[in-house]
Amino acid sequence: MKVRILVFIILFGAIKTHAQLLQEKETFTHADSLRGNLTPLRTCYDINYYHLDVKFDIAQKSISGSNLFKFTATQDFTQLQFDLFANLKVDKILYKGKILPFKRDANAVFVTFPKAIAKGSKDQFTVYYSGKPTVALNAPWDGGLVFKKDSLGKPWVATACEGVGASIWWPNKDHLSDEVDSMLISISVPKGLKDVSNGRLRKATTLKDGYTRFDWFVANPINNYDVVANIGDYVHFSDSYMGEKGKLTMDYWVLPASLEKAKKHFSANAKPMLKAFEHWFGPYPFYEDGYKLVETPHLGMEHQSATAYGNHFLNGYMGYDMSGTGWGLKWDYIIIHESGHEWFGNNITGKDLGDMWVHESFTCYSESMFIEDNWGKKAGQEYNFGLRDGINNDSPLVGPYNVNKEGSGDMYPKGAVVLNMVRTIINDDEKWRDILRGLNKTFYHQTVTYAQVVDYINGQSGKNLLPVFDQYMHYKNLPTLEFATKGGKFCSRWIADVKDFTMPVLVRVKGGEYKFITPTTRFTPVDLEGAAKDNIEVDTFNFYIGVLVD
């Protein structure tokens with residue numbers, strides 16, 4: 001659905017103002033702008049294909065290899081930018097058999113071509129690089145490579161780089177807005193180990209230097225931070241699921257010691273997850289690449305078609321219920337949450353890291369939808385309500401744009417709570433399901449903006465939800481519903497940051513049935529017979545608001 005011009009102007013204005021306010025409070029560096037901003041040196045080319053070919057020297061914790069960039073020029077240019085962390089060396093850049101000159105600035109690399117590349121033309125170059133990549137100390141919360149050993153002392157290595165960016169370990173156009181259309185991932189590892197990456201395994205080749213190269217092909221668009229190498233003494237088992245688009249392959253890669261418990265645990269979680277999420281969100285978005293769970297030496301990550309799993313085959317989040325309701329201990333948090341990102345984060349991807357709420361709010365909300373599909377709507381809403389204990393209301397959910405900065409961590413629980421509230425306002429569960437499925441269909445394999453997502457929900461709902469999203473995404477404060485007697489009448493109004501804020505809310509006279517009223521920022525009489533300050537009740541189970549009764 002195209003964004004209506006008027007709505008776009010309103011939303012864009014609000015976003016720009018918010019971003020400016022945030023940047024006044026925070027200090028961003030030149031390197032942040034190089035990483036987060038879409039300059040002509042990045043927008044001049046659209047990336048079509050990568051062939052990433054990397055050798056892992058595990059003993060030295062170093063890597064070496066190359067990445068082929070195939071692209072289409074979106075304008076005439078002689079220079080472009082790609083990204084690679086400064087601690088990794090660019091050995092050379094080859095173009096038509098010749099070495100190209102380049103300059104480095106922080107984690108950006110600027111390449112100059114011998115003559116102008118014409119708009120619309122397709123071309124390619126290859127970057128050769130090497131070095132010791134950043135070692136993650138607490139993956140997946142900090143990015144880099146994880147070097148550990150399994151219980152038998154064999155190497156166990158993984159990559160995890162959401163937020164910090166994939167250029168922490170391989171050269172690419174490291175911006176969420178441009179996903180590569182398809183990709184070949186070739187990872188060479190010491191003999192006796194296996195690599196598990198995204199997509200489907202094409203072949204394994206024994207090399208003369210005591211290494212084995214594993215070639216994985218990704219047929220669908222993929223964002224850079226999802227590209228993964230998982231290296232270990234893996235064993236494999238498989239299953240399949242008959243879903244909305246036919247047979248979906250399900251592949252599982254775990255350490256030998258985990259095999260038997262993985263067979264039982266993965267089966268108990270993965271198929272019910274697919275059933276629930278295909279019902280609510282539409283077909284699994286990557287049938288061509290299959291679905292995988294890969295045991296990893298870190299907790300987990302939503303690597304597309306190769307979900308990282310490190311929850312030790314426990315229900316809950318490391319055995320803990322994030323909601324405190326008990327519902328969170330009936331399923332494995334990492335399998336459900338990280339797989340939910342296949343729809344929100346991988347299928348639909350925010351164009352800017354400032355809109356990471358699109359990934360995390362919807363995926364956190366998906367947890368309650370999984371519960372609803374298995375134990376009923378009341379159970380799902382109880383879980384969703386329990387997530388409020390994790391909300392800090394410390395800063396807005398939308399981060400500042402163009403500096404590679406996320407918004408508040410509240411994008412997880414608060415975002416989920418807000419989406420449940422939006423569902424309550426729409427008051428039509430079939431329409432809500434159509435909206436969730438429609439998002440995944442309309443923006444299938446696309447990168448999106450705040451305006452596109454919010455305008456779609458607003459348009460399909462038939463409700464004016466723009467002020468609601470504006471308040472909850474761009475401001476940390478909750479709107480407060482104030483009741484007071486004015487001129488002998490019992491009245492209500494909203495106190496909010498958004499000018500002319502309005503939102504429907506459910507209220508009742510104590511013991512009666514809930515009814516929608518739609519207050520504004522001015523006191524107006526409460527349209528509810530018999531309502532008074534001593535008997536008014538607000539549905540604060542479904543509405544995350546402040547309430548003030550004068």
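The values are calculated or read from the model by the stated rules, or taken from the named source; none is laboratory data. The structure displayed is predicted, hence computed values, not measured ones. No Cβ is skipped: glycine too gets one built from the backbone with ideal geometry, and neighbour counts run over all protein chains shown. All accessible areas refer to the heavy atoms of the entire protein, side chains included, with ligands and DNA or RNA removed. Shrake-Rupley method; radii C 1.70, N 1.55, O 1.52, S 1.80 Å.
Applying the criterion of being touching a strand residue (DSSP E or B) at 6+ places or on another chain (Cβ under 8 Å) and open to solvent by 10 Å² or more (accessible area, probe 1.4 Å) to the residues of the range 101-112, the residue that is farthest from Thr78 (Cα to Cα) is Asn107. The residues in the range 463-481 that are in contact with a Gly (Cβ under 6 Å, 6 or more places away or on another chain) and β-branched (Val, Ile, Thr) can be counted, and the count is 1.
Here Gln452 clears all of (1) open to solvent by 40 Å² or more (accessible area, probe 1.4 Å); (2) in contact with a strand residue (DSSP E or B) (Cβ under 6 Å, 6 or more places away or on another chain); (3) not in a strand (DSSP E or B) except the condition numbered (2). The residue of the range 147-181 that is nearest to Phe69 (Cα to Cα), among those that are open to solvent by less than 10 Å² (accessible area, probe 1.4 Å) and either in a strand (DSSP E or B) or modelled with pLDDT under 95 (or both), is Asn172. Restricting the range 126-138 to residues that are at pLDDT 95 or above and either within 25 Å of the chain's Cα centre (by Cα) or not in a strand (DSSP E or B) (or both) leaves a set whose member that is surrounded by the fewest Cβ atoms within 10 Å (Cβ to Cβ) is Val135. The residue of the range 367-405 that is surrounded by the fewest Cβ atoms within 10 Å (Cβ to Cβ), among those that are outside any helix (DSSP H, G or I) and among the polar types (S, T, N, Q), is Asn392. Screening Ala268 on (1) open to solvent by 20 Å² or more (accessible area, probe 1.4 Å); (2) of a type in the set (Gly, Ala, Ser); (3) within 29 Å of Pro155 (Cβ to Cβ) shows it passes everything except condition (3).
Looking at the range 430-438, can you tell me whether even one residue there is open to solvent by less than 10 Å² (accessible area, probe 1.4 Å), closer than 15 Å to Gly282 by Cβ and in contact with a Phe, Trp or Tyr (Cβ under 6 Å, 6 or more places away or on another chain)? Looking for residues that are open to solvent by less than 10 Å² (accessible area, probe 1.4 Å), closer than 15 Å to Gly282 by Cβ and in contact with a Phe, Trp or Tyr (Cβ under 6 Å, 6 or more places away or on another chain), one finds at least one in the range 430-438, hence yes. Within the range 517-538, the set of residues being assigned to a loop (DSSP other than H, G, I, E, B) and either hydrophobic (A, V, I, L, M, F, W, C) or within 17 Å of Phe501 (Cα to Cα) (or both) comprises Thr518, Pro519, Thr520, Thr521, Arg522, Phe523, Val526, Leu528, Ala531, Ala532.
Listed residues Val507, Val468; which is surrounded by 14 or more Cβ atoms within 10 Å (Cβ to Cβ), of a type in the set (Val, Ile, Thr) and assigned to a strand (DSSP E or B)?
When all the criteria are applied, what remains is Val507.
Would you check if Arg522 is of a type outside the set (Gly, Ala, Ser), open to solvent by 20 Å² or more (accessible area, probe 1.4 Å) and either without any contact (Cβ under 8 Å) to a residue 40 or more places away in the chain or farther than 30 Å from Val398 by Cβ (or both)? Criteria met by Arg522. In the range 208-285, counting only strands (runs of 3 or more DSSP E) that sit wholly within it, the ones holding 3 or more residues that are out of contact with any His (no Cβ under 9 Å at 6 or more places or on another chain) and under 25 Å from Arg437 (Cα atoms) span 235-243, 246-254.
Here is a list: Ala308, Ala276, Ala270. Which entry is of a type in the set (Gly, Ala, Ser) and in contact with an Asp or Glu (Cβ under 6 Å, 6 or more places away or on another chain)? Break it down into steps so the answer makes sense when it comes.
On the way: Ala308 fails: in contact with an Asp or Glu (Cβ under 6 Å, 6 or more places away or on another chain); Ala270 fails: in contact with an Asp or Glu (Cβ under 6 Å, 6 or more places away or on another chain).
Checking each option against the conditions leaves just Ala276.
Residues of the range 418-453 that are within 21 Å of Val180 (Cα to Cα) and among the small types (Gly, Ala, Ser): none at all. Cβ-Cβ contacts under 7 Å between residues 6 or more apart (or on different chains), taken from a first residue in the range 291-318 that is in a loop (DSSP other than H, G, I, E, B) to a second residue that is open to solvent by 10 Å² or more (accessible area, probe 1.4 Å) and among the basic types (Lys, Arg), are listed as Pro297/Lys148; Phe313/Lys261; Asn315/Lys330.
Within the option set Thr447, Thr424, being in a strand (DSSP E or B) and at pLDDT 95 or above holds for one residue only, Thr447.
Pick from the range 318-355 the residues that are among the hydrophobic types (A, V, I, L, M, F, W, C) and open to solvent by less than 30 Å² (accessible area, probe 1.4 Å): which of them is farthest from Thr307 (Cα to Cα)? Full working, then the answer.
Step one: of the range 318-355, the residues among the hydrophobic types (A, V, I, L, M, F, W, C) are 318, 322, 327, 329, 331, 334-336, 343-344, 348, 353.
The next check asks that each one be open to solvent by less than 30 Å² (accessible area, probe 1.4 Å); those that pass are 331, 334-336, 343-344, 348, 353.
Values: Trp331: 16, Ile334: 9, Ile335: 8, Ile336: 10, Trp343: 13, Phe344: 14, Ile348: 16, Leu353: 20 Å.
Once the filter is applied, the top-ranked residue is Leu353.
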